[in-house]
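See structure below.
Quick note: the coordinates plus some simple rules give every number you see, no bench work behind them. None of these values were measured; they are calculated from a predicted model. Counting neighbours? That spans all protein chains shown, and the Cβs are built from the backbone with ideal geometry, glycine included.
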Amino acid sequence: MKIIGTGSALPEQIVTNEDLTKFLDTSDEWIVSHTGIRERRVLDRESVNDIGTLAARRALEDAGLALEELDLLICSNVASDYFTPGPACFIAGALGFSGQTLDINGACTGFLQALDIADAYLRAGKARNVLIVAAEKPSYLADWTDRATCVLFGDGAGAVVLQNSEPSGCIATCIATQPNEDFLNMPTPAGNCPFTHREGAGGYLRMNGQEVYRFAVSSCVRDLRAVCEKADVSLEAVDWFLLHQANQRILNAAQTRLKQPKEKFPGNIERLGNTSSACIPLLLDEMRRDGRLREGQLVALSAFGAGLTHGAALLRI
Ligand code: ACO
């Protein structure tokens, strides 16, 4: 597996911390000091399928890949515009792709799960080229009257095109689930079936911030160490650590525990907030385009999310 193209797309609307103070009891100072976030993008008239399609087009263009050469389109998404069909079908339709599509909902770990699946398809010879699109609108899940959650999120889409290569650039993955729905969840609406009664249905994203914080730091450090051990690579040999962008303090704590220089932990949280599974492909695209990401480099990815899902991957670019 080799990354041969990347792309991204963001909603036009920028929402600053100052904008949030107009309807929430919060401040720029609190949000920056507790999360590192200064602004985020929020979908207004565009849909999550629109930004997913745009990111996909840009990644295909960057890869110089014709649609006929694409074998599989995987979309990672938590909330889209429809329960069904999933966004992969909409994006395929907009691109004019009629091959296999696959939708996965692995919360913020979804991009890593998609990468692992894509690598398996490529290694097995079931595909030669795979497009992964992570298109997310956590702004839809958040309760915008709850200052403890809504300030954290932003919308966006990132995409990568993967091609089979020998040996695979996906050196090791380490992806798992620590089942616990209490710390982070959002129930579906009740529906109107007269024979079904559900307590606590519907509503918004519910999060126990401190428990998620603890889980995030420990799982991220553990997974990154595990994936390096699996590949027999030292942490020092890794050029970049691309971590799920949930909170700058989580990133700082992981960096301190791993005893690696701050410069190896690039971020986009300050400008974009937590864009769920799109965080990592958005970072990959930005770094590939500005030249930071170069052939031969070792990149460690790590994410965690509702489930609780978590994992890491070690890539040779
Ligand atoms: N503005 C002002 N005050 C606030 C805000 C806000 N936006 N949010 C919370 N507060 C207040 C609280 O009400 C509380 O006030 P009190 O002491 O009077 O009760 C005080 O600030 C401290 O609240 P804490 O919850 O203890 O704040 P903490 O330092 O833990 O930060 C945060 C909260 C940012 C949510 C942190 O716990 C965190 O980042 N957790 C992890 C979140 C995360 O990663 N979520 C994952 C999302 S989904 C995903 O990515 C998979």
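List of remarks:
- FRET efficiency, 1/(1 + (r/R0)^6) with R0 51 Å, evaluated for GLU236 and PHE83 via beta carbons: 0.65
- Over the chain: helical MRE at 222 nm, DSSP H runs n ≥ 4 each giving -39500 (n - 2.57), nearest 500: -10000 deg cm²/dmol
- Separation of alpha-carbon centers, the range 76-107 and the range 180-222, rounded to whole Å: 23
- Computed on the range 225-273, with alpha-carbon pairs under 8 angstrom and 6+ residues apart, the relative contact order is 39 percent.
- Legend: calculated FRET efficiency, ASP290 to ARG38, from the Cβ-Cβ distance at R0 = 22 Å, rounded to 0.05, equals 0.65.
- Listed peptides 137-144, 111-118 by packing density, highest first (mean Cβ within 10 Å): 111-118, 137-144
- Across the options VAL212, PRO138, GLY169, the greatest Cα extent toward the positive end of the charge dipole of the range 122-235 (unit charges at beta carbon of Lys, Arg, Asp, Glu) belongs to GLY169.
- GNM top mover of ALA254, ALA79, ALA148 - the chain, alpha-carbon springs below 10 Å: ALA148
- Residue ranges 125-131, 155-161 sort as 155-161, 125-131 when ordered by packing (mean number of other C-beta atoms within 10 Å per residue, highest first).
- GLU12-ALA66 pseudo-label distance in nm [points 7 Å out on the Cα-to-Cβ vector]: 3.5
- Dipole magnitude (debye, nearest 20) for the chain, charges at Cβ of Lys, Arg, Asp, Glu: 660
- Based on Cα contacts under 8 Å between residues 6+ apart, the range 49-155 shows a relative contact order of 34 percent.
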